[in-house]
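The structure appears right after this line, and notes come after that.
The values are calculated or read from the model by the stated rules, or taken from the named source; none is laboratory data. Everything numeric here is computed off the predicted structure, so don't read it as measured data. Cβ sites come from the backbone with ideal geometry, for glycine too, and all protein chains shown count toward neighbours.
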Amino acid sequence: MQGFAGKAAIAGIGMTELSRASGKTELQLAAQAARAALDDAGLEPGSVDAILSYHLNDSAPVLYLARELRLTRIGWHNEIYGGGTQSASILADAAMLIDAGLAETVLVYRALNGRSGRRMNTLGLKLGEGAEEQFTHPYGMAGPVHQFALAAQRYLHEAGLTWEHLYAVVAQSRAHAVRNPRAIQRRRLELDEYAEGPMVASPLRRQDCCQETDGGCALVVTSARRFPQAPRVHAVVRGGGPGCSTMDKAGDVTRIFSHYVADPLYEAAGMKPSDIDVSLLYDAYSWLVPRQLEDFGLVARGDLPVLLRAQEIAWNGRHPVNPHGGLLSEGYVHGLNNVAEAVRQLRGTGTNPPRTAPEVALCTGFGGSYGSAAILTMQ
């Protein structure tokens, strides 16, 4: 069991409107989300003594946010370079600060203009770090979609899945989002519409890719003693290995982060797959949902074809996944919005709540063959 297990609670969550053109700066988005999270926790900005964020040089610096919130003092603060891989593991950074006595109230945020500002759909050539991309770019690896489509093609073949199973994932995501007022995509997706959708990189159609979104999300993490009824950070693991983010070095291009972090996560949590009540999976691409269901031991590979078509990943199914619509339908704030929904689900205020109130939630953060995962609990 990890030393910080259960000692930190997520007392507040806040989000801005998710859109394709916010008309606001990243700092304005961060401040709006932060104030909403503090209001949700019933705390004043002055109570914040640590600020953490993660970004890809596309957000507002933490000290700028501290100034915007008019903080007269600031303790521990850090900006972590990274995208979706950090959405779960940043909870451990916050929990460890509290456990170590370095902070009492940690503000965590992610804000970006992912559609109207800097977009992630292309990958430029550069010298120095990342220079290896110049050797894969000529073979069609023009951006993240092309890269992970190659892994998806192989995974579907090996798992006995087809484009219709990808449709089942996206269609369920859209069905969940219908009842989510925050979601960008709030309309059901029919099979013929999906089949006619433009192919970005086979087998991924446009609908198989997450939204490009402007927005901000923030969490207030503090001592569980102060907020005994709030969801707690129980276990967090970060790691990975050679895989689909370094395909020239991969023994198996389908082996994403979940292959490496699932067992360590359960060991750290003292849990097993059957303990998970609801899963908030990083669904940057539709094929990542069955891959993670398999890796986290929630569904055996041989059962995936039937389970997906039977809508067993619905809010009222055997394995509820992203009841709010996830990154495919709600919006893309690099996964932190999924963590916010996990908190809502555990509070009993989430979108499409399961029939039985969940007490254990799994949250994941994807970055190819490396990433992170967290388990949140109500105890």
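Enumerate the pairs (first residue in the range 288-306 and farther than 22 Å from residue 271 by Cα; second residue anywhere and of a type in the set (Val, Ile, Thr)) with beta-carbon separation below 8 Å, excluding pairs fewer than 6 apart on the same chain, so at least 6 apart or on different chains.
288/256
Only residues that are at pLDDT 70 or above, out of contact with any Leu (no Cβ under 6 Å at 6 or more places or on another chain) and not in a loop (DSSP other than H, G, I, E, B): list them for the range 109-137, please. Walk me through how you get there before you give the answer.
So in the range 109-137, the residues at pLDDT 70 or above come out as 109-116.
Applying the additional criterion that residues be out of contact with any Leu (no Cβ under 6 Å at 6 or more places or on another chain) yields 109, 112-116.
109, 112, 113, listed by residue number.
Of 262, 269, which residue is among the aliphatic types (A, V, I, L, M), within 30 Å of residue 3 (Cβ to Cβ) and in contact with a His (Cβ under 8 Å, 6 or more places away or on another chain)?
On the way: 262 fails: in contact with a His (Cβ under 8 Å, 6 or more places away or on another chain).
Among 262, 269, only 269 is among the aliphatic types (A, V, I, L, M), within 30 Å of residue 3 (Cβ to Cβ) and in contact with a His (Cβ under 8 Å, 6 or more places away or on another chain).
Take residue 275 and tell me if it is modelled with pLDDT under 95 and charged (D, E, K, R).
No, not satisfied.
Has the range 329-336 got any residue that is touching a residue at least 60 places away in the same chain (Cβ under 8 Å) and more than 27 Å from residue 82 (Cβ to Cβ)?
no
Quick one: count up the residues across the range 255-291 that are of a type in the set (Phe, Trp, Tyr) and assigned to a strand (DSSP E or B).
1
Determine, yes or no, whether residue 158 is in contact (Cβ under 8 Å) with a residue 40 or more places away in the chain, of a type in the set (Asp, Glu), surrounded by fewer than 20 Cβ atoms within 10 Å (Cβ to Cβ) and assigned to a loop (DSSP other than H, G, I, E, B). Explain how you work it out, then say what you get.
Numbers: in contact (Cβ under 8 Å) with a residue 40 or more places away in the chain: yes; of a type in the set (Asp, Glu): yes; surrounded by fewer than 20 Cβ atoms within 10 Å (Cβ to Cβ): yes; assigned to a loop (DSSP other than H, G, I, E, B): no.
Spelling it out, it is not the case that residue 158 is in contact (Cβ under 8 Å) with a residue 40 or more places away in the chain, of a type in the set (Asp, Glu), surrounded by fewer than 20 Cβ atoms within 10 Å (Cβ to Cβ) and assigned to a loop (DSSP other than H, G, I, E, B).
Which helices (runs of 4 or more DSSP H) sit wholly inside the range 292-361 and have at least 3 residues that are of a type in the set (A, V, I, L, M, F, W, C)? Talk me through it step by step, then tell me what you get.
On the way: elements: 304-309, 326-329, 336-347.
The helices (runs of 4 or more DSSP H) meeting that bar are 304-309, 336-347.
Tally time: how many residues in the range 1-25 are of a type outside the set (Gly, Ala, Ser), within 19 Å of the chain's Cα centre (by Cα) and crowded, with 19+ Cβ neighbours inside 10 Å?
Residues meeting the conditions: 5.
Could you give me the residue pairs with C-beta distances under 7 Å whose first residue belongs to the range 195-213 and is in a strand (DSSP E or B), whose second residue is basic (Lys, Arg) and surrounded by 18 or more Cβ atoms within 10 Å (Cβ to Cβ) wherever it lies, and which are 6+ apart or on separate chains?
Pairs found: 199/205.
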